[in-house]
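Working notes, beginning with the structure itself.
The values are calculated or read from the model by the stated rules, or taken from the named source; none is laboratory data. Remember, it's a predicted structure, so these values are computed and weren't measured experimentally. Reconstructed Cβ throughout: ideal geometry from the backbone, glycine too, with neighbour counts over all protein chains shown. Side chains included, ligands, DNA and RNA excluded: accessible areas come from the protein's heavy atoms. Shrake-Rupley method; radii C 1.70, N 1.55, O 1.52, S 1.80 Å.
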Amino acid sequence: MDVSSQKPLLNKIDCIRLHVPDLDAGLAFYRDKLGHALIWRTDRAAGLSMPGTDAELVLQTEDDGQEIDFEVDSADESAMRFVKAGGEMAVPPFDIQIGRCAVVRDPWGNPLVLLDFSKGMLATDKNGYVTGNITPDKES
């Protein structure tokens, strides 16, 4: 297939996830000392803004290491397209609060996290705590 006729698979970087053993300590460092504003927060994770991009710096206490999450139109379809192109499925598509997510590996073993916003962006209260989702606009 002619590459120029295909829509790129990865729309943009959604976030860079960093593990912190204590969320409050992570916020004290990244928000209070380094100046990254809080966008949203749960008991186990917090999203911070970075100037010059709408990608978030996400501090989380659940998974060791760091990862880069890519926004795609559909996690399910993108994962299938990735595998068909020669990559492999590391974690099949699953539900997350904002939509769907899958983890794939390229032919060189690099993991890519693919996620979509099919359930809508996070809704927050005035303190940044997540209260639910903002339903995607279905109007055309």
Just one of (1) in contact (Cβ under 8 Å) with a residue 40 or more places away in the chain; (2) surrounded by fewer than 16 Cβ atoms within 10 Å (Cβ to Cβ) trips up Met121, so point out which.
(1)
Checking Phe82 against (1) surrounded by fewer than 13 Cβ atoms within 10 Å (Cβ to Cβ); (2) over 21 Å from Asn127 (Cα atoms), which single condition isn't satisfied?
(1)
Take Val103 and tell me if it is modelled with pLDDT of 95 or more, aliphatic (A, V, I, L, M) and crowded, with 19+ Cβ neighbours inside 10 Å.
yes
Touching a residue at least 40 places away in the same chain (Cβ under 8 Å), small (Gly, Ala, Ser) and either farther than 18 Å from Asn133 by Cβ or surrounded by 14 or more Cβ atoms within 10 Å (Cβ to Cβ) (or both): is that true of Ala55 in this structure?
yes
It is to be established whether one or more residues within the stretch 29-36 are of a type in the set (Asp, Glu), assigned to a strand (DSSP E or B) and at pLDDT 95 or above.
no
So, of the residues in the stretch 69-79 that are open to solvent by 30 Å² or more (accessible area, probe 1.4 Å) and among the acidic types (Asp, Glu), which turns out to be nearest to the chain's Cα centre (by Cα)?
Glu71
If a residue has to be of a type in the set (A, V, I, L, M, F, W, C) and modelled with pLDDT of 95 or more to count, how many in the stretch 113-133 make the cut?
3
Considering Gly109, Gly128, which residue is within 30 Å of Gly26 (Cβ to Cβ) and free of Cβ contacts under 8 Å to residues at least 12 places away in the same chain?
Gly109
Exactly one condition in (1) at pLDDT below 95; (2) surrounded by 12 or more Cβ atoms within 10 Å (Cβ to Cβ); (3) more than 17 Å from Asp14 (Cβ to Cβ) is not met by Gly87; state its number.
(1)
Identify all residues within the stretch 92-140 that are among the hydroxyl-bearing types (Ser, Thr, Tyr) and closer than 25 Å to Arg41 by Cβ; write none if there are none.
Ser118, Thr124, Tyr129, Thr131, Thr135
